[in-house]
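Visitor: One structure coming up, written as structure tokens, with questions to follow.
What follows draws every value from the coordinates through simple rules; no lab data is involved. Because the structure is a prediction, the values reported are computed rather than measured. Cβ sites come from the backbone with ideal geometry, for glycine too, and all protein chains shown count toward neighbours.
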Amino acid sequence: MIEASLCHIIGKNGLLLKKASRGISRGKWNAPGGKLEPDEDALTGAKREVYEETGLRVSRLVNHGTVRYFMNGTKALHTRAQIYSTRTFVGAPRSTDEGRVKWFHVDQIPFEKMWDDDKYWFGLMLGGSRFNADFFYSRDNERVINFRLDLRG
């Protein structure tokens, strides 16, 4: 199982997303993030991944909760990700070999070019809610075939 973290960067220009150039997310727009290093906690991993993938230094991260991914049409846990967001960052975003970064207005999020589960919880994250979720993907990992989403207090 993969332990990961994602950090959504919310700025005056909207939401910063990265179009992945490699890995399981290749070709998809997503928040900066990725696998945790051995003995790395999720918060530290989120900050590291944002810096590596965008050049931004982030702080004051909000932990929205845990999303668990069951891929390839199976019931085996594939990835457990901590979902963060922040409005506090320093620097100018830059693309890297991990992918191109781009600001999107919150009314123009490219859901059709993102992971299918994002449409279920993105609004909750943007609104500052806390939640946990499980998403079960089809065999080809293109669509969610079942899910559970629980709001937290």
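Visitor: Within region 5-21, which residues are of a type in the set (A, V, I, L, M, F, W, C) and within 22 Å of Gly127 (Cα to Cα)?
Guide: Leu6, Cys7, Ile9, Ile10, Leu15, Leu16, Leu17
Visitor: Now a separate question. Is it true that Thr74 is of a type outside the set (D, E, K, R) and in contact with a Pro (Cβ under 9 Å, 6 or more places away or on another chain)?
Guide: Answer is no for this residue.
Visitor: Which numbered condition in (1) surrounded by 13 or more Cβ atoms within 10 Å (Cβ to Cβ); (2) in a strand (DSSP E or B) is the only one that Asp150 fails?
Guide: Single failed check for Asp150: (1).
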